[in-house]
Amino acid sequence: MTDAVFTLEVLNAFHGDCLILHYGTHDEPRLMLIDGGPNGTFDTVLRPRLLALAAHRGKSFRLDHIMISHLDDDHIAGILQLVDEIESGDAPWQAPSFWFNSFDDGLRQAPPALAVACAALGRGPGTAGSGAVRQASIRQGRRLRDAVTRLQATQNGGARHALQANGAAPALPIPGLALTLVCPDRRHLDDLAARWMRSPGKAAQTAAYVDQSVLNLSSLVVVVQPQGAAPGPRMLLTGDARGDHILAGLEGAGLLAGRPTHFELLKVPHHGSDRNLSLDFFQAITADYYVISGDGRHGNPSEQVLDWIARTASPHARVCLTYDHNVRYPDYGRSVANVLARHPALARQLMVRQPGELLMRIDLLAPLRR
């Protein structure tokens, strides 16, 4: 495995997510794109990076797989622009395989009571229960599904059902990777709906886990490692899922045998929002690399989440931020400064994307040949 590659590139997706997973070997490199960030990401960041890869790898370059964790605009918008460019014939790459749940084949399978709950919760800003936001995401999902059909690409490995773990922890058939689906789990959605119906308005939330977005709760969560590289390294990629659902999914998959359970890399859920996480989550899961994609918008990453990581991470761990300040959201810079004042050692652990750089790169096996 000395020539094996297992590298995550964390692109500057502003307030969203855009990841490129490199795997395979130097002689036979493979690539999975995971989310495409919000509007602006494709033109300024993702497209330039893909063009650089295409120039290096030649005409045979392709995105072996594209995964969209869920349908929120800050994850899917860049993917739609990428697909539009492929359809126009202007892109020097192809994309033969997609992994995602659209509303029609995924979210529609959520219990009806949950849809009622989310509609009732739609009064708050930025919630996916709000009519305009939710309908826009539904349209984007259908648009992507239709484009995949026109491209004659495969969706979900050719399966005719939504990607759901449901306690079975299915392995997704992706050559070169051992990839286990941990979430979503219909049982979590059923439970949320039932508790909401018993206590309308409270949305069955705990003090820590208050995110009730039907889109976020449907996020694909996967454990991924290179095939044949047992016992590791492993990445836990989480979309915008809720921490309690992730822990339950890992436990159901038999991947939470002890506490803490360690991964080489954790993509912190929902841009480091304290609506999705708790101290218990970081006590249960540790990592060598904690990756947070967020620019301070909506208060993400939150000061509380950074504090929890500082309290629970190994002193040798790295905390990887796409931004550590942002003039557009000055409160975020103050939050980072507050955490550093309380935990001075964290300054040595921070790995921050530098201004002007498109991405951060984390090599878990042989360094990627750029």
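The values are calculated or read from the model by the stated rules, or taken from the named source; none is laboratory data. None of these values were measured; they are calculated from a predicted model. Glycine gets a Cβ as well: all are built from the backbone with ideal geometry, and neighbour counts include every protein chain shown.
So, Ala310, is that one outside any loop (DSSP other than H, G, I, E, B), modelled with pLDDT of 95 or more and either surrounded by fewer than 16 Cβ atoms within 10 Å (Cβ to Cβ) or in contact with a Phe, Trp or Tyr (Cβ under 6 Å, 6 or more places away or on another chain) (or both) or not? Can you show your working first?
Numbers: outside any loop (DSSP other than H, G, I, E, B): yes; modelled with pLDDT of 95 or more: yes; either surrounded by fewer than 16 Cβ atoms within 10 Å (Cβ to Cβ) or in contact with a Phe, Trp or Tyr (Cβ under 6 Å, 6 or more places away or on another chain) (or both): no.
The answer is no for Ala310.
For segment 233-260, name all the residues that are within 24 Å of Leu33 (Cβ to Cβ), in contact with a helix residue (DSSP H, G or I) (Cβ under 6 Å, 6 or more places away or on another chain) and among the charged types (D, E, K, R).
Scanning segment 233-260 gives a single hit, Asp240.
Within segment 325-370, which residues are assigned to a loop (DSSP other than H, G, I, E, B) and without any contact (Cβ under 8 Å) to a residue 12 or more places away in the chain?
Val327, Pro344, Gln354, Pro355, Gly356
Yes/no matrix, rows are residues, columns are (1) modelled with pLDDT under 60; (2) assigned to a loop (DSSP other than H, G, I, E, B); (3) under 30 Å from Leu21 (Cα atoms):
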{"position": "Val182", "(1), (2), (3)": "no, no, yes"}
{"position": "Leu189", "(1), (2), (3)": "no, no, yes"}
{"position": "Ala208", "(1), (2), (3)": "yes, yes, no"}
{"position": "Asp211", "(1), (2), (3)": "yes, yes, yes"}
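Looking only at residues in segment 61-104 that are outside any helix (DSSP H, G or I) and polar (S, T, N, Q), which one is surrounded by the fewest Cβ atoms within 10 Å (Cβ to Cβ)?
It comes out as Gln94.
For every residue, the table says whether it meets (1) surrounded by fewer than 23 Cβ atoms within 10 Å (Cβ to Cβ); (2) more than 25 Å from Thr7 (Cα to Cα).
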residue	(1), (2)
Asp244	yes, yes
Gly252	yes, yes
Pro260	yes, no
Leu265	yes, no
His270	no, no
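Within segment 321-334, restricting attention to residues that are under 11 Å from Gly294 (Cβ atoms) and not acidic (Asp, Glu), which residue is surrounded by the fewest Cβ atoms within 10 Å (Cβ to Cβ)?
For segment 321-334, the residue satisfying everything is Asn326.
Looking at segment 150-175, which of the residues that are polar (S, T, N, Q) and in a strand (DSSP E or B) is nearest to Arg62 (Cα to Cα)?
So the residue we want is Thr154.
Can you name the residue in segment 257-283 that is modelled with pLDDT of 90 or more and in a loop (DSSP other than H, G, I, E, B) and is also farthest from the chain's Cα centre (by Cα) among such residues?
To start, the set of residues in segment 257-283 that are modelled with pLDDT of 90 or more comprises 260-283.
Of the ones still in play, those that are also in a loop (DSSP other than H, G, I, E, B) are 260, 268, 273-278.
Working: Pro260: 21, Val268: 8, Ser273: 13, Asp274: 16, Arg275: 16, Asn276: 13, Leu277: 14, Ser278: 18 Å.
Among those that are modelled with pLDDT of 90 or more and in a loop (DSSP other than H, G, I, E, B), it is Pro260.
Return the total of residues in segment 335-355 being over 23 Å from the mean Cα position of the chain (by Cα), closer than 25 Å to Leu19 by Cα and charged (D, E, K, R).
Result for segment 335-355: 1.
For segment 285-307, which positions are touching a residue at least 60 places away in the same chain (Cβ under 8 Å), of a type in the set (Ser, Thr, Tyr) and not in a loop (DSSP other than H, G, I, E, B)?
Within segment 285-307, just Tyr289 meets the criteria.
How about segment 253-284: which of its residues are touching a residue at least 12 places away in the same chain (Cβ under 8 Å) and of a type in the set (A, V, I, L, M)? It would help to see each step written out before you state the result.
Narrowing segment 253-284 to residues touching a residue at least 12 places away in the same chain (Cβ under 8 Å): 253-256, 259-284.
Scanning segment 253-284 gives Ala253, Leu255, Leu256, Leu265, Leu266, Val268, Leu277, Leu279, Ala284.
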